Amino acid sequence: MLRKLLTLFLLCFVGVTYSFAQSGSIQGTITDANSGEPLPATNIYLPDLERGASTDANGEYLIEGIPAGTYTVRVTYIGYSTVTRQAEVDNDATIINIELQRSSQNLDELVVVGFGSTSQRNLTGSVESVSAEEIEEAHLTTFEGALQGNAAGVQVTSTSGVLGAPVSVRVRGTTSISASSQPLYVVDGIPLTDAGGSIGSGFGGTATNPFLNINPSNIKSIQVLKSATSAAVYGARGSNGVVLIETKSGESGKTQINIGTSVGFTEPTEQYDILNGPQFQEMANVGIRNFFRDIGFPDASAAFIESTGFGPFFNENVQEVASTDWADLVTRTGTIQNYNASVSGGSSETQFYFSANYSDEEGYARPNQLEQFNVLAKIDHTFNENLDIGISISPTRSENSRVAISNAVAAPYTYAALAAPVIPQFYPNGEINDGADSQRAPGNSFSAFSGTPFGNAVGIELLQTLTQVNTSAYADYSFTPTLALKTDFSVQYLQSEEEQRNANFATDGFPVGVADANNEQYLNYNWNNTLTYTNDWDDHSLTAVAGITFQRETVTSIALAGDTFLSNDLTNLASAANITFGSGTGSSFAFQNNLGRINYSFKDRYLLTLTASYNGSSRFGETEQYGFFPAGSVGWIISDEEFAEADFLSFLKLRAGYGIIGNASIGNFANLALLSAGADYNSQPGIVLGQLSNPGLKWEETAQLDVGLDYGFLDNRVRGSLSYYNKQTSDLLLARPISATNGFTGFTENIGEIENTGLEFDIAADILTGDFSWSLNANVSTINNEVKSLPEGQDIIFGESLIREGEALGSFFVREYAGVNPENGDALYFFNGDTDVAETADGVFQIDKFGDRFVTDNFSTAQRIIGGDPFPDIFGGFGTNVAYKGLSLNVNFNYSLGNEIYWADGSFLRTNLSSIFNQDVSQLDYWTPENTDASVPEPRFFTNNGSTSTGNGRYLEDGSYLRLKSATVGYTLPREWVNGNEVRVYAQGTNLLTFTDFQGLDPEVTPASGANATQGNVFFQPPQQRTIQFGVNLGF
Amino acid sequence: MKYLKYMLSLLLVVTISSCDEFLTESPQQSLPLEGGISTVEDIENLLNGAYNDVQDGDIIGSQSLVFSEITTDNTVWTGSFPTYVNISELDMDPTNGSIAGQWNDYFDATNSLNIILANIGDIDDPNLTDQRADAIRGQALFLRGLLYFSGVRYFGLPWSTGNNSSNLGLPIRTEPVASSDDFQNPSRATVAETYAQAVGDLQEAANLLPPGGLGEGRANSLAATALLSRIRLGQAQYPAAADLAGQVISSGNFSLDESVLPLWRTEQTGEQIFSIIHTPQDNPGINNSLPAFYAIQGRDDIQISQSFLDAADEIVNDRQQATLDAAGQTVVDTRISLLVSVGDDGVPTASIDNSLKYDDGISTADNAVVIRYPEMLLTRAEGLARTSTTVADVPQEVFNLVNQVRRRALVVNNAAGEDASSEAAIDYTRADFASLQELIDAIVLERRIELAFEGQRLWDLLRLRMSVKGMPFDSDRITFPIPQTEIDANPNIEQNNAYDVGGS
């Protein structure tokens, strides 16, 4: 392959420079069949002569000096179907003009597979590709969203709808319990740091996506390596899949300038429907009266109640109470603006690509705002026929005005749902209510904390600035046409600066003001060296790669905190009267990988790939430092066999592979017994045994079988693939809970096995082509996760998440909520235990409403059952694209069916008002002696009547959903209207519609912790945002 | 081809030379355990680390002193956090995260102490004098005794049930867990055995430690003796309690402050016997510290109860009141006027006003006062009183002890509101008490007011066999559940009855 390219390359020069008198030529123009635009840099190749040419900026080409005769002409261009024609050449110029059809899947297109590339046609592993067009259509803030619903077997969920939130990506299931299950991200060959899943201290319970600064508009393609053979060259770190991102590069020819801009707005996809002031107060009154009844005062007068500790909560004049709409005060319609420009081009020796991007987005959750600056500069240079060199530098910066989310009162969006509506927004004198003074604002008795949602939205600054500079340089030296050495060295510098300032009326700032600062720096070096041998002879084709790579990452951090400020206007720590905290830490790890891969094909239809990597990591002890990870796969292009020749069948490939990959995503130094410093007492230095020795800790291993069928029918107008995988992960790195009496609550060991199996099917069809085109695509994946073995078969339980042999990882282990006892309004749970025990157990009984089933009003008496698991039965996406001339409509859906969500929000929002928190309107159907058929138990103030937060089946929800992820309408103006330039206008919306029974705000969320065993446990994650954008792209 | 050889050899050289060294990284905030405990400084640093564990907000640093107040008639819990709401309502279940945190941290700290106790004998350092070794060992034993005593009262039924050799206490761990080979799944010892462990540790600590001079926030022999007197009082061993308290009093190392306030403001006074020191830089923080729970500037979760205010109104008896009225004098209890916030009208109001013992809601650095001198006075008074058979044979010392506490706390004002300097007006005399029980009740009342919000009320209620939130003192719903995480991880642990349903 390489030799051919090289020859082609050389011939280009030759073809241009010399002319042959005794021969003819072929020339013409290559254009896009739909738009009629000329296509520059298209390859025209004459296999018989091993000669060819590329089109210039006008789409024109010329191949001279061709002896008379009949030749095959092959025209290839990335993103278009290859066209083959016969050409009669005499001694004149033969004109061959060809119109190319766009193709979303070109089998000869190169797929980057890590330390090399191969054609889609010759792949023997499972790889999902997402193209630049798909990424552009999606108009994303971060690139991960492009994988959602687009890549079979890849589950993408965001941790929340705030800007810059980390994204959870699971490639073919969850393969680990304790180690990270996130894939490895490699940009242009550089493995990026994942900063432990999120970057920054996470002030306020929110975290930031470490890949935030990768600008989607610079991405040329994303490949997800799913199978062992694909990912094996990344050995140790490939077991969760590898996401390879290739950024755009310059192409020789006329300089291209592209300018794009878009503006739009954002809003939450959903808001809670919660009680207003009078509704809330009335329900509280009922709950308070019931409380007094239960402690022996059934007929307590209002005056009596008001004289007690509950007096401030009680108010019979329900129409007089405040009715603050907190959610409205902390949300807004945000605006988005985005500008980008790129210039690319170059000569045959030197190509360049420069791009700059600026975007400014306001989130719907006040004061969330993300401002980003991105620059990418790339130069590739051919020094001579043997040596190519290049450099790429990408400085980026994002300033994220974050907002606290989830489990924090300081989180305006969370507290807005919970703060009692009877708390007023302002004090009577107009100051922002800080929630603290119940004398000044009567409703403040319901304020458990200082601060109010509104106060926290305007009084907390949480600025995070990410500065990233990725720099890489490479040299590619060909010793011979068949042997090349490539070395690339890259440095990723990633810095997070955080400043938090809480005003004196905010929850965490009350009453004197508090500030924190945190600075984290990641320095990630990679040095990759590969030697590639490529040769074709007779029917054989061989590519062999041997390489050695080094990666070292260091992280350092400094943190400071202080309080007591003169004024809320003074924001820096310099203005704090007290410095209350200071810390500085550092850590590091190193990986070394010796890798090898052989791609061999016979007759271009029998394919073999063998890979091996021998991996070392500083994270393991001496005896287990290295792991060996082999993989192999075979492919058979059946459609090339004579017996399979049929008009309708254009491509059919059977492939199968098996391999072993390791996972080392555990903490640094996990093998060592460590005395941890910092356990100081009264300003004297202290040390504690922080970690026990674990010399046997070794690589987690995943053995994966991958079998697949790639197909194309009707000239590849219908195409796709079907895959089956079986991943067996053993030696699981597992922090097994142990008796706390040992002084530790868990210990990480290589124990247990997990199996993930699944089927993946995708199909794409170009139903209509030509002026009016219509295409469809769909994918569906199944996933079956099962814990196969655990130490001594013992269950491991984290809250409501169960790890049990034979069950899915993190199955929900809950006491089954039965409903309301019609006789007395008690919340009831099904006993679900031994019937013999039930008949004698205290507090276990039967009532008509539940038939034969035993119920109990005592939460702890009910036995836990598995109520579901967080893995969907099927998930995927589908979409369609309709175009008429320049006008296009693109619609994409994604879906997930059969997964459960533990909706812990409910333990606050649906408690039949057992405490001071607001409730959603469903709770109005509460039990009273008159409403015995109620769906909600009787309100009993400050009494738990069915609201236990952990493992309560009342809060287990079906998480299935179907979502209209994006819809885009675009129009490309006819070129003749705009001087031959390209002008495209579009309108685009995301998260437009969601169909779900989930009771929370958004079924498409995952916990911010990213912990594998507690997937599907959510707690006030803000919902995804809905965006509407209008944009224009110009190309010159 | 010359280049090829050159470059290949370079690659090879780089590969071979770098590997082992390249993959060696060292931790920066930790030291290896191996060889890490060899000098006296090492072991003293470990002791500081153990104090730091005890300082944790989940246990002695805060919550162990908070839970035994919020479950009682001294307070009204107005906070919202479910785990605390459930504890304050005695409506707990084994999944309660705050209880799990407490359980885990008791044993986390215990292990730190066991590591010190197991290693100190092997330290070969000439600087480790016997005196220094005794001080280290004694402090470690004191803290371990404190932890077992504190823990058994939460997780076991009260001593006053009398069934202490069958009621279950804590699992007892006295050997260190320094590697995974040391892991065990222990079962629970009885309440009696757990108390015996605590008492044994404290007695040995009292023998090993000097009576003072170890620095602020550190245990000495008198702290151990004081804690033993508290245990004996709880065990109704009144002569022993009185005797131990007497030893602390007669040591002369402690005295009452001029006013009730200084201890709660300047934090280091002669009244303090043992406190866990919190500093602005090192404390359980805005979510877990004592002021987080108590202070208006904190989360303001704990308010005073009407029951407490009513009790405080009884602090002057009818005889005293009549005398005062006749002299046109009034009494101000500074434990209320200075240590409870009052509204605009100057009158404390239940469930609106807070204790001001922990007022540093900003730095959250209020110390956790574990034992202070007035308790010794009142313990000795109660111990001696209960050892007597009638009011008549109660030693005069008893009245003197109680009156010391009263004179310091109660200010007698003249009609003009000025200090009348007549403390004697509020002294108790033998004649004030018609029965021994009345005297004991007065001491208990004094104790309630004096030691309010210091984590003593629940234990006093239980030892006096009084009901708690309407539940009888021996109700197993007052006892904390063993955390579900422990039940799930340790097959040998037995759940407390109220939470045990014989299944999962």
Pick from the stretch A:140-158, criterion within 22 Å of A:Gln372 (Cβ to Cβ) and of a type outside the set (S, T, N, Q), ranking: surrounded by the fewest Cβ atoms within 10 Å (Cβ to Cβ): A:Leu140
Hits in the stretch B:81-91 - residues which are within 9 Å of another protein chain (Cβ to nearest Cβ), more than 14 Å from B:Asn288 (Cα to Cα) and part of a loop (DSSP other than H, G, I, E, B): B:Glu89, B:Asp91
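Matching residues to (1) among the basic types (Lys, Arg); (2) under 30 Å from B:Glu486 (Cα atoms):
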residue: B:Asp181; (1), (2): no, yes
residue: B:Ala192; (1), (2): no, yes
residue: B:Ala196; (1), (2): no, yes
residue: B:Gly215; (1), (2): no, no
residue: B:Arg218; (1), (2): yes, no
Scan of the stretch A:297-312 for residues that are out of contact with any Gly (no Cβ under 7 Å at 6 or more places or on another chain) and more than 9 Å from every other protein chain (Cβ to nearest Cβ), ordered by number: A:Phe297, A:Pro298, A:Asp299, A:Ala300, A:Ser301, A:Ala302, A:Ala303, A:Phe304, A:Glu306
Lone unmet requirement of (1) within 9 Å of another protein chain (Cβ to nearest Cβ); (2) over 30 Å from B:Leu356 (Cβ atoms); (3) surrounded by fewer than 22 Cβ atoms within 10 Å (Cβ to Cβ) for B:Gly470: (2)
Selection status of A:Val169, touching a residue at least 24 places away in the same chain (Cβ under 8 Å), surrounded by fewer than 24 Cβ atoms within 10 Å (Cβ to Cβ) and within 22 Å of A:Asn784 (Cβ to Cβ): yes
Single residue of B:Ala368, B:Ala350 found to be within 14 Å of chain A (Cβ to nearest Cβ), farther than 18 Å from B:Tyr428 by Cα, touching a residue at least 24 places away in the same chain (Cβ under 8 Å) and surrounded by fewer than 23 Cβ atoms within 10 Å (Cβ to Cβ): B:Ala350
Some residue of the stretch B:340-352 being under 30 Å from A:Phe581 (Cα atoms), at pLDDT 90 or above and either in contact with a His (Cβ under 9 Å, 6 or more places away or on another chain) or assigned to a loop (DSSP other than H, G, I, E, B) (or both): no
Test set (1) within 14 Å of chain A (Cβ to nearest Cβ); (2) touching a residue at least 40 places away in the same chain (Cβ under 8 Å); (3) more than 19 Å from the chain's Cα centre (by Cα) - B:Asp282 fails condition number: (3)
Candidate set from the stretch A:944-969 (those that are closer than 13 Å to A:Ser907 by Cα and out of contact with any strand residue (DSSP E or B) (no Cβ under 6 Å at 6 or more places or on another chain)); member that is surrounded by the most Cβ atoms within 10 Å (Cβ to Cβ): A:Ser947
B:Ser64 being away from every other protein chain (no Cβ under 12 Å) and either part of a helix (DSSP H, G or I) or touching a residue at least 60 places away in the same chain (Cβ under 8 Å) (or both): yes
Residue match in the stretch B:156-172 (condition: crowded, with 17+ Cβ neighbours inside 10 Å, within 14 Å of chain A (Cβ to nearest Cβ), out of contact with any Lys or Arg (no Cβ under 9 Å at 6 or more places or on another chain) and touching a residue at least 12 places away in the same chain (Cβ under 8 Å)): no
Qualifying residue in the stretch A:140-148 (condition: free of Cβ contacts under 8 Å to residues at least 60 places away in the same chain, touching a strand residue (DSSP E or B) at 6+ places or on another chain (Cβ under 8 Å) and among the aliphatic types (A, V, I, L, M)): no
Count of the stretch A:560-611 residues which are modelled with pLDDT under 90, assigned to a strand (DSSP E or B) and more than 14 Å from chain B (Cβ to nearest Cβ): 0
The stretch B:97-130 - residue that is assigned to a helix (DSSP H, G or I) and more than 11 Å from chain A (Cβ to nearest Cβ) and, of those, farthest from the chain's Cα centre (by Cα): B:Asp122
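Residues are listed down the side, and each one gets a yes or a no for (1) within 19 Å of the chain's Cα centre (by Cα); (2) within 13 Å of chain A (Cβ to nearest Cβ); (3) touching a residue at least 24 places away in the same chain (Cβ under 8 Å); (4) not in a helix (DSSP H, G or I):
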| site | (1), (2), (3), (4) |
| --- | --- |
| B:Leu256 | no, no, yes, yes |
| B:Val260 | no, no, yes, yes |
| B:Gly270 | yes, no, yes, yes |
| B:Ile286 | no, yes, yes, no |
| B:Gln303 | no, yes, yes, yes |
| B:Thr323 | no, no, yes, no |
Residue within the stretch A:1021-1030 that is closer than 30 Å to A:Gln256 by Cβ and of a type in the set (A, V, I, L, M, F, W, C) present: yes
The stretch B:407-416: number of residues that are in contact (Cβ under 8 Å) with a residue 60 or more places away in the chain and not in a strand (DSSP E or B): 4
Matching residues in the stretch B:32-48 - criterion: being touching a Gly at 6+ places or on another chain (Cβ under 7 Å) and more than 7 Å from chain A (Cβ to nearest Cβ): B:Asp42
Spans of strands (runs of 3 or more DSSP E) in the stretch A:613-729 with at least 2 residues of a type outside the set (Ser, Thr, Tyr), surrounded by fewer than 23 Cβ atoms within 10 Å (Cβ to Cβ) and touching a residue at least 60 places away in the same chain (Cβ under 8 Å): A:626-637, A:649-663, A:700-713
The stretch A:714-770, residues that are of a type in the set (Lys, Arg) and more than 14 Å from chain B (Cβ to nearest Cβ): A:Arg717, A:Arg719, A:Lys727
Within the stretch A:296-345, tally of residues that are part of a loop (DSSP other than H, G, I, E, B), more than 30 Å from A:Ala356 (Cβ to Cβ) and not small (Gly, Ala, Ser): 12
Single condition B:Ile249 does not satisfy, out of (1) assigned to a loop (DSSP other than H, G, I, E, B); (2) away from chain A (no Cβ under 14 Å): (1)
Residues satisfying the stated conditions in the stretch A:434-485, i.e. without any contact (Cβ under 8 Å) to a residue 60 or more places away in the chain, more than 11 Å from chain B (Cβ to nearest Cβ), assigned to a loop (DSSP other than H, G, I, E, B) and within 37 Å of the chain's Cα centre (by Cα): none
Members of the stretch A:50-61 that are crowded, with 16+ Cβ neighbours inside 10 Å and either aliphatic (A, V, I, L, M) or in a loop (DSSP other than H, G, I, E, B) (or both): A:Ala53, A:Thr55, A:Asp56, A:Gly59
Strands (runs of 3 or more DSSP E) lying entirely in the stretch A:886-965 (those with 3 or more residues that are at pLDDT 95 or above, closer than 27 Å to A:Gly311 by Cβ and not aromatic (Phe, Trp, Tyr)): none
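The values are calculated or read from the model by the stated rules, or taken from the named source; none is laboratory data. Just so we're clear, the structure is a prediction, and the values are computed from it rather than from any experiment. Neighbour counts run over all protein chains shown; Cβ positions are idealised from the backbone, glycine included.
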